[in-house]
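Only one structure is covered here, and it is reproduced in the block below.
The values are calculated or read from the model by the stated rules, or taken from the named source; none is laboratory data. Remember, it's a predicted structure, so these values are computed and weren't measured experimentally. Note that each Cβ is placed from the backbone with ideal geometry, even for glycine, and that neighbours are counted across all protein chains shown. Note: areas computed on protein heavy atoms with side chains; ligands, DNA, RNA excluded. Shrake-Rupley method; radii C 1.70, N 1.55, O 1.52, S 1.80 Å.
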Amino acid sequence: MDTLIKLRSVVLSPIKEGEMLASYTSFKIGGPAKYFCIANSNDDIAKLVAMSTKLKLPYLILGSGTNILFSDAGFDGLVIKINDSKIKNKDEKLECSAGSLLSKAVGEALGSSLSGLEWAMGIPGTVGGALCNNAGAYGGDMAGSVEEVEIIRDNKVKKLSNKKCEFSYRSSVFKQDDNHDIILSVTFALKRGDKKAIKTKMDEIIAQRNQKDDKQPSAGSVFKNIKLSKEEIKEFAVKYPDMPESFTTYSTIPAAWLIERCGLKGKKIGGAMISEKHSGRIINTGDATAEDIIMLISIIKQKVRLKFNLQLMEEIQYRGF
Ligand SMILES: Cc1cc2nc3c(=O)[nH]c(=O)nc-3n(C[C@H](O)[C@H](O)[C@H](O)COP(=O)(O)OP(=O)(O)OC[C@H]3O[C@@H](n4cnc5c(N)ncnc54)[C@H](O)[C@@H]3O)c2cc1C
């Protein structure tokens, strides 16, 4: 039996060959997946992963593809797009399937007057993808909101506490290269609050987000902000006295500020351009290839290194390279 027949033998969901990944990412970039399946249940995901492992076929779980750059050559394995989106609301907890949109969880929290997910207002993508990246904004992140997660590890279903997720800035145990866990569900621990106050906070956040969003295909912030020690930030402030005070408060230099100070705003390579509204983002102006994005990233890193002696690190993940 060939690989396709074996994969088809374990699930009812259709398995396609050569599906273009560009349609499944917010960058709108990416070549074909050798095999592609939209899995509607955790059971299907578990079966596909078990079969791929048996066949030694590389596999990848895809949420909404808002933090991934696929190569122009695509992915030489099975891409499993997760499509399970159940949310259970119990007392002050929300248990969300990994494929649920984070925005749906935010809406559910608001509807039930639960506070604790306001920071996530406007972040695209699924709860599983957010967990993997420890997504965060406006002072909150997954690390501060998650109580427990359910995963498949070594073909067994397990529960992990928040601590075992090993969260760090825009990362978690699930983002490590050698991690093959499948996130099945995420439980948020929230607090009963005042619906009007929760809504006001969310409205404020979305208004701020709209100001810097140029509504063009992108993967959000390409780079992580740079955390410095108290001593390093003091030295930096001496060299750049016009830097905002908030950098010292949080001991963090935003990647967007560094890029803008290198005069790179609006810089274009092929169809890839550094956003005019938010220098931390690269947008696809229409016909960008993964290669265009990679070249632009490389120029940004080099310029920032030369000007500031600081090394930018990607927040986005490369797949299929
Ligand atoms: C306009 C825009 C604004 C953004 N703003 C923010 C922001 O403010 N803050 C922020 O942190 N991020 C932001 N992002 C980035 C992105 O939206 C988040 O990181 C998001 O949480 C990723 O979710 P996703 O479903 O798209 O993940 P994907 O991009 O599909 O996947 C990300 C990673 O998670 C893995 N993964 C996904 N689901 C599972 C699963 N079930 N099991 C195992 N692994 C899994 C994937 O394999 C991949 O490694 C923004 C992106 C865009 C386009």
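List of remarks:
- For the peptides 190-200, 310-320, 250-260, residues were scored by their other Cβ atoms within 10 Å and the scores averaged per peptide; the highest-first order is 250-260, 310-320, 190-200.
- In sequence order, the stretch 64-70 has phi-based couplings of 9, x, 9, 9, 10, 10, 7 Hz under the Karplus curve 6.51 cos²θ - 1.76 cosθ + 1.60, θ = phi - 60°, and Gly or Pro positions carry x.
- Peptides 156-169, 57-70 ordered by average Cβ neighbours within 10 Å, highest first: 57-70, 156-169
- Helical content alone sets the calculated 222 nm signal of the chain at -9000 deg cm²/dmol, taking -39,500 (n - 2.57) per DSSP H segment of four or more residues and averaging over every residue.
- Close amide H pairs (under 5 Å, H built 1.01 Å from N) link Ala135 with Met142, residues at least 5 positions away or on another chain.
- Within straight-line cross-link reach of Lys158, lysines at Cα separation under 17 Å, skipping those fewer than 8 residues along the same chain: Lys47
- Only the Cβ atoms of Lys and Arg (+1) and of Asp and Glu (-1) were treated as charged; on that basis the dipole of the chain about its Cα centre amounts to roughly 180 debye.
- Taking 0.36 nm per residue of separation and subtracting the current Cα-Cα distance, fully stretching the chain between Ala73 and Met20 would add 18.1 nm.
- Normalised per residue, the accessible area of the stretch 178-321 is 54 Å², obtained with a 1.4 Å probe and no contribution from ligands, DNA or RNA.
- Residue pairs, from the table Lys86/Lys265; Lys16/Lys301; Lys224/Lys268; Lys175/Lys265, whose Cα atoms sit over 31 Å apart: Lys86/Lys265; Lys16/Lys301
- Hull-based mean projected area of the chain, where the convex hull spans the alpha carbons, in square nanometres: 16.9
- Share of carbon and sulfur in the accessible heavy-atom surface of the stretch 154-260 [1.4 Å probe, %]: 50
- Taking amide H atoms as placed 1.01 Å from N in the peptide plane, the amide H of Ile226 lies under 5 Å from those of Ile253, Ala255, each 5 or more residues away in sequence or on another chain.
- Within straight-line reach of Lys230, meaning a Cα separation under 17 Å, sit the following lysines at least 8 residues removed in sequence or on another chain: Lys239.
- Virtual paramagnetic centre 7 Å along Cα→Cβ of Asn309, amide N under 20 Å, in the stretch 200-229: 226-229
- Rounded to whole numbers, the Karplus 3J(HN,Hα) couplings from phi for the stretch 140-145 are x, 7, 4, 3, x, 10 Hz, using 6.51 cos²θ - 1.76 cosθ + 1.60 with θ = phi - 60°, and x at Gly and Pro.
- Remark: the Asp178-Lys93 segment gains 27.5 nm on full extension, using 0.36 nm per residue and subtracting the alpha carbon distance.
- Distance from the Cα centroid of the stretch 165-220 to that of the stretch 1-60 is 26 Å (rounded to whole angstrom).
- Prolate/oblate/rounded label for the stretch 3-82 (Cα gyration tensor, a/c 1.5): prolate
- Prolate/oblate/rounded call for the stretch 26-133, Cα gyration tensor, a/c under 1.5 rounded: oblate
- Spin-label model, Phe321 to Asp203: label points 7 Å out along the Cα-to-beta-carbon direction sit 4.3 nm apart.
- Listed residue (Asn89, Leu102, Asn155) projecting farthest to the positive dipole end of the stretch 43-164, Cβ model: Asn155
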